Amino acid sequence: MKNATSSELFRKLPSVDELMRSPQLASLTASHGHAAVTDAIRVVLGRVRDEIASGLIDERSVDLAISGLPAAVEQQLRIALGYSLRTVINATGVILHTNLGRAPLAQAAIDRIRETAAAYSNLEFELSAGERGKRDVHVDRLFQRLLADEAGAGRSARVSTIVVNNNAAAVLLALNTLAESGEVIVSRGELVEIGGSFRIPDVMAKSGAILREVGTTNRTRIADYESAINERTRLLLRVHRSNFEISGFTEQASTAELVSLAQKRGLPVMEDLGSGALFDLRSIGINGEPSVLDSLRGGMDVVAYSGDKLLGGPQAGLISGDSNLVKRMRSNSLFRALRVDKLTYAALEATLLAYVKRDHDSIPTLRMMRCSKEEIGRRAEALAAKLAAPKLRVELADGESVIGGGSAPSAVLPTRLLAVTCEGMSADELAARLRGSEPPIVARVEDGRVLLDLRTVFPEQDESVGAAIVSLTDLER
Ligand SMILES: *Cc1c(COP(=O)(O)O)cnc(C)c1O
């Protein structure tokens with residue numbers, strides 16, 4: 001049999017119209033529409049044409065490809081019409097995992113998003129007066145309650161909060177408002193880069209403020225700040241180190257020293273807190289992480305923090321502090337560019353109400369943080385008992401969950417891990433297969449084992465994690 005030329009092979013391919021008329025694709029057209037099916041057919045036929053053109057495919061394979069066209073179109077349609085942004089199961093034990101979308105929302109926040117999204121709302125409308133209102137009122141009252149009440153009567157009248165897109169935007173807005181064309185004094189030990197290209201010197205430059213670095217990487221004293229103050233100075237800035245720690249021969253000016261220097265020289269002092277907890281981390285055994293309240297109580301004039309880190313709410317940047325300073329930020333035209341939509345307010349208001357009601361366990365990230373090692377161990381044991389497959393080996397091991405999201409890198413919580421190996425399959429391959437399951441499961445690989453930390457897995461997901469592990473390792477290989 002002589003080899004078919006590529007033009008003969010091309011002629012074998014059906015046209016788009018012919019394919020459309022095949023019964024299998026006609027039913028797809030009925031459910032997904034003509035346009036989507038035509039697009040999928042073009043993609044699939046294009047792939048076969050490329051293979052013919054490259055000369056890599058013989059007549060037999062072309063016949064095979066043609067017989068498989070309807071199935072290939074169906075598969076292509078599934079990919080094209082499927083979601084790219086999907087939910088995954090986080091078995092990494094990193095509670096605020098930026099790559100996995102940080103904080104999952106509380107049920108109340110989800111309900112509020114749904115209700116607010118589907119209807120008109122009083123986002124910027126004062127119902128009593130029938131006039132235009134401000135969007136920040138919806139959460140400002142709750143922040144007042146959470147921050148001011150407890151900060152003591154003296155301060156309570158002065159704390160307000162505004163909301164922008166994220167903490168990077170909050171820092172940008174605050175620097176631009178308070179220090180454009182002037183100098184901002186920052187310790188060299190705090191010129192940090194947070195993941196995703198947030199760098200203090202770059203944000204400073206974009207804000208129009210001039211960075212005045214003082215001290216050294218490991219030691220900065222209050223005297224360093226003091227001697228850098230001049231007539232161009234507008235602000236003292238403290239930045240939470242977030243994703244690293246320095247130890248050894250180190251020194252950092254205390255909040256009290258910064259606040260008293262700022263007061264003496266009539267300057268505002270701001271803290272980029274990063275994570276910004278609204279609860280006391282000491283209650284879960286983590287020390288040395290200041291909460292938003294700690295910072296304000298300590299005398300910081302302005303505090304900037306994220307909505308979706310330790311707060312456990314939607315992505316947002318929050319600026320809390322002295323009402324006069326916050327008012328200036330609100331009237332900055334940048335605020336208009338950085339503001340958030342009604343859905344963020346809806347989710348934030350519901351999350352803050354959970355704090356007001358002291359219903360911390362309704363906020364998933366807080367619940368995960370508060371979960372004891374024993375409780376996680378019991379779930380892990382129950383799951384391990386169900387994981388039976390010939391090549392599968394499952395052990396329990398002590399380990400550590402990480403809070404993540406720019407809280408102190410040493411902020412870890414003791415946990416129990418499921419350590420899984422499968423005979424004849426590398427740990428990397430097993431982890432890749434877990435990511436390929438539905439829903440995808442993301443786990444850690446360490447020392448040739450796949451480690452799953454149930455702290456960040458919702459209890460109702462335990463079963464699907466188990467089922468996925470068994471089915472992936474039980475395959476005929
Ligand atoms: C996380 C973090 C930011 C950035 O916050 P986003 O909400 O991600 O924009 C800024 N500063 C510090 C100190 C942080 O930890």
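So here's what we get for this one:
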| quantity | calculated |
| --- | --- |
| Selected residue (criterion: farthest from the ligand (Cβ to nearest atom)) from residues of the range 174-207 that are more than 17 Å from THR233 (Cα to Cα) and among the charged types (D, E, K, R) | LYS206 |
| Selected residue (criterion: surrounded by the fewest Cβ atoms within 10 Å (Cβ to Cβ)) from residues of the range 281-306 that are under 18 Å from GLY405 (Cβ atoms) and touching a strand residue (DSSP E or B) at 6+ places or on another chain (Cβ under 6 Å) | SER291 |
| Among (1) over 24 Å from ASN90 (Cα atoms); (2) open to solvent by 50 Å² or more (accessible area, probe 1.4 Å) - the single one LEU338 does not satisfy | (2) |
| Some residue of the range 413-424 being out of contact with any strand residue (DSSP E or B) (no Cβ under 9 Å at 6 or more places or on another chain), modelled with pLDDT under 95 and farther than 19 Å from PRO104 by Cα | yes |
| Per-region count, the range 362-395, residues open to solvent by 70 Å² or more (accessible area, probe 1.4 Å), assigned to a helix (DSSP H, G or I) and farther than 18 Å from GLU463 by Cβ | 3 |
| Leading residue by the ranking (farthest from LEU9 (Cα to Cα)) among those in the range 55-69 that are open to solvent by 80 Å² or more (accessible area, probe 1.4 Å) and outside any helix (DSSP H, G or I) | LEU56 |
| Residue ranges of helices (runs of 4 or more DSSP H) in the range 1-54 with at least 2 members of a type in the set (Ser, Thr, Tyr), surrounded by 12 or more Cβ atoms within 10 Å (Cβ to Cβ) and touching a Leu at 6+ places or on another chain (Cβ under 9 Å) | none |
| Cross-chain or 6+ apart pairs with Cβ under 6 Å, the range 392-406 first and at pLDDT 95 or above, then more than 16 Å from the ligand (Cβ to nearest atom) and open to solvent by 50 Å² or more (accessible area, probe 1.4 Å) | LEU396/ARG416 |
| Pairs with Cβ under 6 Å, 6+ apart, first in the range 104-127 and within 27 Å of GLY93 (Cα to Cα), second surrounded by 14 or more Cβ atoms within 10 Å (Cβ to Cβ) and of a type in the set (S, T, N, Q) | ALA106/THR351; ALA106/SER362; ALA109/THR351 |
| Some residue of the range 324-339 being in contact (Cβ under 8 Å) with a residue 24 or more places away in the chain, at positive phi and either touching a strand residue (DSSP E or B) at 6+ places or on another chain (Cβ under 9 Å) or part of a loop (DSSP other than H, G, I, E, B) (or both) | no |
| Of the criteria (1) on the phi > 0 side of the Ramachandran plot; (2) in contact with a strand residue (DSSP E or B) (Cβ under 9 Å, 6 or more places away or on another chain), which one LEU211 fails | (1) |
| Meets criteria (out of contact with any helix residue (DSSP H, G or I) (no Cβ under 6 Å at 6 or more places or on another chain) and either assigned to a loop (DSSP other than H, G, I, E, B) or of a type outside the set (Gly, Ala, Ser) (or both)) for THR92 | yes |
| Residue list for the range 261-289, restricted to those being within 18 Å of ILE185 (Cβ to Cβ), more than 16 Å from the ligand (Cβ to nearest atom) and under 30 Å from the mean Cα position of the chain (by Cα) | none |
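Let's see how each residue does on (1) within 15 Å of the ligand (Cβ to nearest atom); (2) on the phi > 0 side of the Ramachandran plot; (3) not in a loop (DSSP other than H, G, I, E, B):
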position: ARG241; (1), (2), (3): yes, no, no
position: GLU245; (1), (2), (3): yes, no, no
position: ALA253; (1), (2), (3): no, no, no
position: VAL259; (1), (2), (3): no, no, yes
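Residue-by-condition table, conditions (1) open to solvent by 40 Å² or more (accessible area, probe 1.4 Å); (2) touching a helix residue (DSSP H, G or I) at 6+ places or on another chain (Cβ under 7 Å); (3) in a loop (DSSP other than H, G, I, E, B):
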residue	(1), (2), (3)
ALA108	yes, yes, no
SER121	yes, yes, yes
ARG141	yes, no, no
ALA148	no, yes, no
THR177	no, yes, no
SER181	yes, no, yes
ILE185	no, yes, no
VAL203	no, yes, no
LYS206	yes, yes, no
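Yes or no, residue by residue, for (1) more than 30 Å from ALA443 (Cβ to Cβ); (2) at pLDDT below 95:
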site	(1), (2)
THR98	no, yes
ALA103	no, no
ALA108	no, no
ASP111	yes, no
ALA117	yes, no
PHE125	yes, no
ARG132	yes, no
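The values are calculated or read from the model by the stated rules, or taken from the named source; none is laboratory data. Predicted model, so just to flag it, every value in this text is computed and none were measured. Cβ atoms come from the backbone with ideal geometry, glycine included; neighbour counts cover every protein chain shown. Accessible surface areas use protein heavy atoms only, side chains included; no ligands, DNA or RNA. Shrake-Rupley method; radii C 1.70, N 1.55, O 1.52, S 1.80 Å.
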